[in-house]
1. Report yes if A:GLU133 is among the acidic types (Asp, Glu), within 12 Å of chain B (Cβ to nearest Cβ) and open to solvent by less than 20 Å² (accessible area, probe 1.4 Å), otherwise no.
2. Just wondering, is there one or more residues in the range B:261-270 that are away from chain A (no Cβ under 14 Å), under 15 Å from the mean Cα position of the chain (by Cα) and under 19 Å from B:ASP84 (Cα atoms)?
3. Hey, does the range B:164-175 have a residue that's surrounded by 18 or more Cβ atoms within 10 Å (Cβ to Cβ) and under 30 Å from A:ILE105 (Cβ atoms)?
4. Quick check, is A:VAL194 farther than 24 Å from A:ASP66 by Cα and buried (at least 16 other Cβ atoms within 10 Å of the Cβ)?
5. Just to confirm my filter: which strands (runs of 3 or more DSSP E) fall fully inside the range A:156-249 and include at least 1 residues that are closer than 15 Å to A:ILE144 by Cα?
6. Sort through B:VAL237, B:VAL221 and tell me the only one that's assigned to a helix (DSSP H, G or I), free of Cβ contacts under 8 Å to residues at least 24 places away in the same chain and open to solvent by 20 Å² or more (accessible area, probe 1.4 Å).
7. Are any residues in the range A:43-73 within 14 Å of another protein chain (Cβ to nearest Cβ), of a type outside the set (A, V, I, L, M) and touching a residue at least 60 places away in the same chain (Cβ under 8 Å), and if so, which ones?
8. Among the numbered criteria (1) more than 14 Å from every other protein chain (Cβ to nearest Cβ); (2) part of a helix (DSSP H, G or I), which one does B:THR181 miss?
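The values are calculated or read from the model by the stated rules, or taken from the named source; none is laboratory data. On a predicted model such as this, the values are computed, not experimentally measured, just so you know. Counting neighbours? That spans all protein chains shown, and the Cβs are built from the backbone with ideal geometry, glycine included. In case anyone asks, the SASA skips ligands and DNA or RNA and just uses the protein heavy atoms, side chains included. Shrake-Rupley method; radii C 1.70, N 1.55, O 1.52, S 1.80 Å.
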Amino acid sequence: MFLLIDRLSKNFETKDGTLVVLKDITMEIEQGEFICAVGASGSGKSTLLRQIAGLDMPTTGEVRIDGQRVNGPGPDRGMVFQHYTLYPWMTVQENTEFGLKLQGIPKNARREKASYYLNVVGLAKFARSLPKELSGGMKQRVAIARALTSEPKVLLMDEPFGALDIHTKESMHEFMLDLWQRTNLTVFMITHDVEEAVFLSNRIYALGARPGTVRKEITIKLPERMHHVKRHPIFHDYRDELMELLRSHGQEALAAAA
Amino acid sequence: MSLSSNVTPSPPSSKSGFDVFWRLAEDIPKPLQTTLMVASIGLPFFLWWLVTTFGTVDPKFLPSPGDVANAFGRLWSTGELLKDIVASLWRVGVGFLLAALFSIPVGVLMGSFPSIRALLEPLFGLMRYMPAPAFIPLLILYLGIGEEPKIMLIFIGVFFFNSLMVMDTVKFVPKDLIEATYTLGGNRLQTLLQVIFPYVLPGILDACRINLAAAWQLVIVSELIAATEGLGRRISVAGRFLKTDEIFVGLIVIGVIGLAFDLFFQYLLRMSCQWANQKR
C-alpha cells in the first residue's frame, strides 16, 4: 500500500470536554491514484489532511507513506492550501524554487527543476512576476508547481479551487486532470464540491460528519474525462448518490446537535 | 407602468463641489488634492503673515515670518544652529538605533514564540504606560547629566513601544504561510529567518517610522532640561531671553527634520518592499 491511513482517530480537547473529530478512518491509496475525500463542513476533512501532511498528529492510528510512518511535515507530501500561500516578496521563480532552497539544493539544480515545473503548469513566462500580479488560478498553479518541484510521493490538496470563480475552477479541473495523466502523480484532495470530486478522481471517500467517518468508498468509472462528461447520465448518478450521502449526514448531524 | 419611465439619471448633485469634497473613502480629483495639500501649509503661514503685518501683535509674542527668517540666517551663519542640529541628531540617532537593534529581535521573538510573549508582554505592557520623561530624574541620578541619560531616555521611550508593535506585526503572519513552509521541508529556524522575517519587514519599518517620531520628541524634551547644545536647548535658552524668533526657528527646524525622517522611512519602505506596496 502506497499511502495508508490506518484506523486514524483525532480528538480535540475543548472546554466542554473531548470532541471527536475523526473516528476510525481507514483509507488505502495506490500509487498514481487521484483520490477525493468529500464531506460537508464538520466532517473533519481538513483535519484529516493535516494528519497526512504531518502538521498535526493523530490521537490514535497512523499514516504511512511508502511504508514509512508520518511523524511531521515534509516535502515528500507536497501540499496546496485553499488560501494563497505564495511568498509575496518572491517572484514566481523564487517561490517555485523555495522548497529546494530549504532542502539545501544548489542554485543551478533548483533553478533548472523549478523552470521545468513552471513549464509543466504553463507559467514559464511569468517566472519573474510577483504573486500579486497573478490571477487566483495562476497563483494556485504556482503553488502546485512549488509542491511538485520537491517531487513528492503524494500531492495533498485542501480545497484548492474553493476560492476560484466557476470558470477558472473548470479550467483548473481540466488542468489537474491533464497534469495527473502526464505525470503519474498521486493526488489526495479534499473538497465539499461533489461535481469536482466526481470529475477529477478515480476513487472517492464520502465522509460522514460529527464525528468524521468514512461513510462510503466509491470507484468512479467515467466513459471519458472531458468537460461534457458532466452531462452524461453516469456522471449524474455518481453525483446524486454522493449528494444523497452528504445530505443524510447533514440531517444526522443536525439531529445529533439538537 | 413601463420600466423605462422609472429610470432616472444619477442625481445631478453628485457632480457638485460639495459632493466631491465630502467623498467618503474615495479618491478625489488630483488638482483638488494638490490645492488642499498646498493650503494645508500655505494657509496657516498666510494667516501668520497677515496677523504680524497688519495686526498689532507685540513681536515679542509673535514674530513675523521675516523676523524668523532673519533669526534663522543669524543662527545659521554663526554655525550655532548647525551645531545644535548635529547634537540633537546624534542623540536621536544613537538612542533610536540602540532601541531598534534590541526591540526588533525581541519583538520578532515575542510574536513568534508564545512562551517569550508570556514572559515579556506583561512587563512591557506596564513599562509602556510609564511616560519616558518621568524617568528623567532617575536617569540623572543614575547616569549624571552627560549624553548617557539622554540616550537612555530615548531608548526607554522607544524600546517597549517598538517591541510590542513589532510583536503585533509578527502575530499576524498567516499560519498557512508558515505551514506551507514546513510542508516544503523548512525547519523552524529557516521559517523564522526566511519567511516570517521578510514577511514582517514592512511592518517593522512602519513601526520604526512611528517610533522615530517619539524618539525625536524625547530628544528635545531631554535637552530642555539639561544640555549645553541641541535644538531643545536652543529653544529653552531663547525662551529665557525672550527671543521668540529663535524659538520659532527651533520649532520649525524640529518639525522639518521630523518630517524628513518620516519621508525617508516611507521611501525606504517603498524601495525595499515593493511587493507590499498597496494603492492607498
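1. Values: among the acidic types (Asp, Glu): yes; within 12 Å of chain B (Cβ to nearest Cβ): yes; open to solvent by less than 20 Å² (accessible area, probe 1.4 Å): no.
Judged against the criteria, A:GLU133 is not a match.
2. Yes, the range B:261-270 contains at least one residue that is away from chain A (no Cβ under 14 Å), under 15 Å from the mean Cα position of the chain (by Cα) and under 19 Å from B:ASP84 (Cα atoms).
3. So in the range B:164-175, the residues surrounded by 18 or more Cβ atoms within 10 Å (Cβ to Cβ) come out as B:164-167, B:169-170, B:173.
Subset that is under 30 Å from A:ILE105 (Cβ atoms): B:170, B:173.
Within the range B:164-175, one or more residues are surrounded by 18 or more Cβ atoms within 10 Å (Cβ to Cβ) and under 30 Å from A:ILE105 (Cβ atoms).
4. yes
5. Output list reads A:187-191.
6. B:VAL237
7. Of everything in the range A:43-73, those that are within 14 Å of another protein chain (Cβ to nearest Cβ), of a type outside the set (A, V, I, L, M) and touching a residue at least 60 places away in the same chain (Cβ under 8 Å) turn out to be A:SER46, A:THR47.
8. (1)
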